[in-house]
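Notes follow the structure.
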Amino acid sequence: MKELDTVKLIKDFNELPIGTKGAIVSEYDGTYYEVEFFDSNGDTIGVYTTPRDALELLVSN
């Protein structure tokens, strides 16, 4: 996965439920990513440092 890829959560993370979608805004070391998560309206929920094992790649850009 890389910057600007679209991802979704495959397990609950912080207060976000499984299935929440987001976009990678930064990659740290291949094990953690800074992800901007958004709701179904496209509004930003928040930006979180997220472990790789919590994410599934949806669209590679």
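Each residue of the stretch 30-38 was assigned a 3J(HN,Hα) from its phi angle through the Karplus expression (A = 6.51, B = -1.76, C = 1.60, θ = phi - 60°), giving x, 10, 9, 9, 8, 10, 8, 8, 9 Hz with x at Gly and Pro.
Qualifying trypsin sites (Lys or Arg not before Pro) in the chain, where qualification requires a DSSP coil assignment and no more than 16 other C-beta atoms within 10 Å, comprise Lys2, Lys11.
Each 5 Å bin, from zero up to the one with the longest distance, holds this percent of the alpha carbon pairs of the chain: 4, 22, 37, 27, 9, 1, 0.
The aspartates and glutamates within cross-link reach of Lys11, meaning a Cα-to-Cα straight distance under 14 Å and a gap of 8 or more places when in the same chain, are Asp53, Glu56. The phi-based Karplus calculation (6.51 cos²θ - 1.76 cosθ + 1.60; θ = phi - 60°) puts the 3J(HN,Hα) values of the stretch 45-54 at 8, x, 10, 9, 6, 10, x, 4, 6, 9 Hz, whole numbers, x for Gly and Pro.
For Asp5, the amide hydrogen comes within under 5 Å of the amide hydrogens of Ile24, Asn61, counting only partners 5 or more places away or on other chains and with H modelled in the peptide plane.
The phi-based Karplus calculation (6.51 cos²θ - 1.76 cosθ + 1.60; θ = phi - 60°) puts the 3J(HN,Hα) values of the stretch 14-25 at 6, 9, 8, x, 3, x, 4, 9, x, 10, 6, 9 Hz, whole numbers, x for Gly and Pro.
Distances between placed amide hydrogens fall under 5 Å for Leu55 paired with Ile10, all partners being 5 or more residues away or on another chain. Amide H to amide H, with H built 1.01 Å from N, Thr50 comes under 5 Å of Tyr33, Glu34, Val35, counting only residues 5 or more places away or on other chains. Looking at the chain, the chymotrypsin sites (Phe, Trp or Tyr not before Pro) that sit in a DSSP loop and have at most 12 other Cβ atoms within 10 Å of their own Cβ are Tyr28. Remark: relative contact order (the chain) = 38 percent; criterion is Cα-Cα distance under 8 angstrom and separation of 6 or more residues. Within the chain, the GluC sites (Glu not before Pro) that combine a DSSP coil assignment with at most 16 other C-beta atoms in a 10 angstrom radius are Glu3, Glu15.
Where a number appears in this text, it was derived from the coordinates with a stated rule and is not lab data. In this text, all values refer to a predicted model and were calculated from it rather than measured experimentally. Cβ coordinates were reconstructed from backbone atoms using ideal geometry, including for glycine residues, and neighbour counts include every protein chain displayed.
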